[in-house]
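**Student:** For reference, the structure I am asking about is given below.
The values are calculated or read from the model by the stated rules, or taken from the named source; none is laboratory data. Values in this document were obtained by computation on a predicted structure and should not be read as measured data. Here the Cβ positions follow ideal geometry from the backbone for every residue, glycine too, while neighbour counts run over all protein chains shown.
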Amino acid sequence: MLTSYGHSDITRLDHLQDAHRLIQTSYPPIAGVVIGAVILQDKLFDNCDLETFEAVLAPKVSGINNLDQIFHSQSLEFFIAFSSLSATLGNAGQTAYAAANTFMKAIIACRRARGVSGSTMDISRVVGVGGLRRAFEASTRGDLQMERLKRKMAPMSERDLHQMFAEAILAGRPSSNQNPELIAGVMTYTDRAAFQDGLRGNPRFFRFLVPTSGDAADESRLGREGRSIRGILTGGASPESVSSEIQLELIEHVRRTLRLGGEIYVDETKPLVELGVDSFTAVDISKWIQHNLSLDMPVMRILGGLTVAEVVSQVIGGISD
């Protein structure tokens, strides 16, 4: 596979036309187009000046307009616009960003009406990678914004993103009868107060407020939460029982940290980063292990691909030592 890259101003039609001509003369036929251009300059609408608003709009609005003009009638395998879940759910300070993403969805709808390929992906927060993470880390408001997003957006792994991209290719084809607007990562809630906090009680999203289950599994979970982990370690139980109990406790802590509903299965054989653990939550898990088990678990080790089962195995090894 040959990979190359170049610099071009997506807001300038002449720049894109030059790049298009270069690709046509130097490479095989273009199979698909993806637009992921973004500028993040969050401001509350009342405080947002025209210059900032237009700066956020430009790469998405002008960008997709220009690409649509170049590939207006050309048969492509895919024409995918990267949008954000904040365009669907809303997010404080991101009016311009949501407007730009919504405009792209309108262009995609026009393309489908013309009988050519087109789809959009409303992406949630992808853990551990991406420009969104870097933008938050560089911002003085990053921690606050990330906490807000955690209340409404379920995390996505890189693998989830790949799966969504594959589905967007299929959904965007002219022959497809699927909705070309893919949305992923809306949080589910079992607590009305959390729903009010996360989605502002918006009635459009009531389907994501699910009743609390009262089955035996939940009762067992609540019983486990009430027991002391230190009591488990000092109670003379077999190593297998200790390992099982610590794993159950760790899974429940991961579930609470990621705000996962009780109906969501936490796979102990899946890497924690794929469950949604990022640098923030990895620090929390490391502190939890230190507090409850008096062991050091480096954050980078958690982020390095360890599963719940592997963390427990290393913890048990540390206790034995």
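**Student:** Quick check, is Asp14 surrounded by fewer than 16 Cβ atoms within 10 Å (Cβ to Cβ), of a type outside the set (Phe, Trp, Tyr) and more than 18 Å from Ser117 (Cβ to Cβ)? Full working, then the answer.
**Tutor:** Numbers: surrounded by fewer than 16 Cβ atoms within 10 Å (Cβ to Cβ): yes; of a type outside the set (Phe, Trp, Tyr): yes; more than 18 Å from Ser117 (Cβ to Cβ): yes.
Judged against the criteria, Asp14 is a match.
**Student:** Ile70 is checked against (1) surrounded by 14 or more Cβ atoms within 10 Å (Cβ to Cβ); (2) within 25 Å of Arg125 (Cα to Cα) and fails just one. What number does that condition carry?
**Tutor:** (2)
**Student:** Something else now. If you go through region 201-211 one residue at a time, do you hit one that is modelled with pLDDT under 70, closer than 23 Å to Ile123 by Cβ, of a type outside the set (D, E, K, R) and surrounded by 16 or more Cβ atoms within 10 Å (Cβ to Cβ)? Working first, answer last.
**Tutor:** At the first step, the residues of region 201-211 found to be modelled with pLDDT under 70 are 201, 203, 211.
With the extra rule that they be closer than 23 Å to Ile123 by Cβ, the set shrinks to none.
Within region 201-211 (the criterion being modelled with pLDDT under 70, closer than 23 Å to Ile123 by Cβ, of a type outside the set (D, E, K, R) and surrounded by 16 or more Cβ atoms within 10 Å (Cβ to Cβ)), the answer is no, since none of the residues qualifies.
**Student:** Quick check, is Pro59 assigned by TED's automatic domain parsing to the domain that holds Glu167, more than 26 Å from Ala154 (Cβ to Cβ) and surrounded by fewer than 18 Cβ atoms within 10 Å (Cβ to Cβ)? If you could, list the steps in order and put the result at the bottom.
**Tutor:** Details: assigned by TED's automatic domain parsing to the domain that holds Glu167: yes; more than 26 Å from Ala154 (Cβ to Cβ): yes; surrounded by fewer than 18 Cβ atoms within 10 Å (Cβ to Cβ): no.
When the stated conditions are applied, Pro59 does not pass them.
**Student:** Would you mind listing the helices (runs of 4 or more DSSP H) fully within region 1-110 where at least 1 residues are modelled with pLDDT of 95 or more? Break it down into steps so the answer makes sense when it comes.
**Tutor:** Numbers: elements: 13-26, 50-70, 86-89.
The qualifying helices (runs of 4 or more DSSP H) are 13-26, 50-70.
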